[in-house]
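In what follows, a structure is listed as structure tokens, so that the remarks can point back to it.
The values are calculated or read from the model by the stated rules, or taken from the named source; none is laboratory data. Computed from a predicted structure; not experimentally measured. Heads up, the Cβs are rebuilt from the backbone with ideal geometry, glycines too, and the neighbour counts pull from every protein chain shown.
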Amino acid sequence: MKKTLVKSLSLFLCLALLTSSVLFASFASDNGLEPRRITVSVNGDTSVSRGFCWYTDDKTGSEVRIFYDGADVSGSLTFSDVTCSEWQGSYMHKVTVSGLTPGKTYTYKVGYEVWSSDGSFTTDDGDDKVNFINISDVQAGSLDSFLKGRATLDAAYKTMPDADFYSNCGDFTNDSTNEEWDYYHEAFQSLNMTATTAPVAGNHDGFGAEGWFSNMFNLDTSESVQNNNGVNYSFDYGNAHFAVLNTNDLASVSLSQLKWLKNDMNGTSKDWKIVLMHKSPYSLGKDSKWPDALYLQESLGAVLDRCGVDLVISGHDHQYLRTKTLYNNRVSENGTVYVLAGTAGTKRYEVRSFLEGTFIDKNQIAALVVQKNGYGNYWNGTDWNSTKDTNVGGAFSCISIDGGTLTFNAYILADQKDESDGDVITNIDSFTITKETGKNSATFNGDNKTSRTEYYLNIVPSVICLAGYAFGLWLPKFLFMLPKLISVYINDGIF
């Protein structure tokens, strides 16, 4: 009797252990197949297509299911560029979906054996209106800092709930590590699943972090001059054409990319021409004293002038600055407005007053908000150090285009809450550009792709061109500025 009982117990324990092992293995497998790092990006024609990117810990299939009004419409759509490849210990999935209907709101799931929760996006309806949000330079290294950047974007969507998409002008993370990208997606995931993004590569996303940017988003790279440290691409939304530059390209923008931009802007008949980029041509921050910023002023500025670009939005220097309308580096009635978007994060740069008169002139500046050590400066035309507590916080911008009117509003989500612990959102800058529509016509309709051979043949001329600006134009300006720089450094500790 005892032997029978012992055998029965032994058999029961073996079965229990076997069952628990199977269940545990099944759970571990399912957990490894769970989609994460999910983004929906502009990719091609924004009225009929989107690019999806996500990650899993284990290798699995890559599928997207699209729903409209609760019905699965995947069978009527085209799924292309389907990939699953290993990247930094995980598996990256990309799928491009086309054949969508303009002006419709869709829901979706990504995955294969295990599926994500529902996300959503709305396609461009093709009219002459577009609303979009811009942030820049979250550049965080801890989850807490990423959550503060997310709070800035939440405030932006609270201010403009009907935004068609949002652009991020780069430096998504500080060191572009697996841990930091996981923090980024943990903080931004729920919003990224319900918003279309137009991402821009920053120097922290490219230099020394090759491959990260292009593997975090599914973008149309068919015309990108190279994809190693960032991506250049373009898209239309409403009656506006957007070109996204990669300012990691040979430390600035290569001659190949300048040629691409010229052809791209001359190849559109859209009423508005907008450029999104990371490094800023005009700034009073710490990075604008180096040759690459001046090179952007001179070489890129000349292309923007010739192509009739209306607005440039950039990041990199962690302060908010808007120029007056500039043409050929001079204030003009017609030309381009440059906006340095400020930082959505917590790393902020104070003004470098020694730059004024050398790399930027006071008369070129229309608005400036600088944040430093718990206070914010709003330059009022004379005093660089006027302060206001509500100017200290995360910066974001809301841009609306309606026919021939572009309205730009910049805001700060204050670090300091009000007495009821509510958000304090301050409109720090506002301007409007008007123009007569229907006047642009496309003058380029050729192939705007850059072959690998052409790109490499242009590397040496690109470096020579940048070096020419550095030694012929930048160095004399820097040496002229140096005594003032040294004085400010001695007195204020600012370099």
Extreme residue, surrounded by the most Cβ atoms within 10 Å (Cβ to Cβ), among residues of the range 427-446 that are more than 14 Å from GLY342 (Cα to Cα) and of a type in the set (S, T, N, Q):
ASN440
Run GLN371 past the list (1) assigned to a loop (DSSP other than H, G, I, E, B); (2) over 22 Å from VAL275 (Cβ atoms); (3) over 21 Å from the mean Cα position of the chain (by Cα) and report the number of the one that doesn't hold.
(1)
Search the range 278-300 for residues being hydroxyl-bearing (Ser, Thr, Tyr) and not in a loop (DSSP other than H, G, I, E, B), and hand back the single one that is nearest to THR346 (Cα to Cα).
SER288
Flag for GLY468 being out of contact with any His (no Cβ under 6 Å at 6 or more places or on another chain), farther than 26 Å from GLY267 by Cβ and in a strand (DSSP E or B)
no
Has the range 133-145 got any residue that is surrounded by fewer than 20 Cβ atoms within 10 Å (Cβ to Cβ) and under 30 Å from GLY238 (Cβ atoms)?
no
Within the range 244-260, track down each residue that is among the small types (Gly, Ala, Ser) and under 17 Å from HIS316 (Cβ atoms).
ALA251, SER252
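So if I check each of VAL309, VAL337, VAL303, which one is crowded, with 17+ Cβ neighbours inside 10 Å, β-branched (Val, Ile, Thr) and either assigned to a loop (DSSP other than H, G, I, E, B) or at pLDDT below 90 (or both)?
VAL309
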Per the filter on the range 125-151, residues under 21 Å from TYR338 (Cα atoms) and among the small types (Gly, Ala, Ser) are SER136
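Considering only residues that are surrounded by fewer than 18 Cβ atoms within 10 Å (Cβ to Cβ) and not aromatic (Phe, Trp, Tyr), look in the range 108-121 and name the one that is farthest from GLY61 (Cα to Cα). If you could, list the steps in order and put the result at the bottom.
Filtering the range 108-121 down to residues surrounded by fewer than 18 Cβ atoms within 10 Å (Cβ to Cβ) leaves 112-115, 117-118, 120.
When the remaining residues are screened for being not aromatic (Phe, Trp, Tyr), the result is 113-114, 117-118, 120.
Working: GLU113: 8, VAL114: 10, SER117: 17, ASP118: 18, SER120: 21 Å.
This residue is SER120.
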Within the range 388-411, the residues that are in contact (Cβ under 8 Å) with a residue 60 or more places away in the chain, more than 18 Å from the chain's Cα centre (by Cα) and under 13 Å from VAL369 (Cα atoms) are GLY393
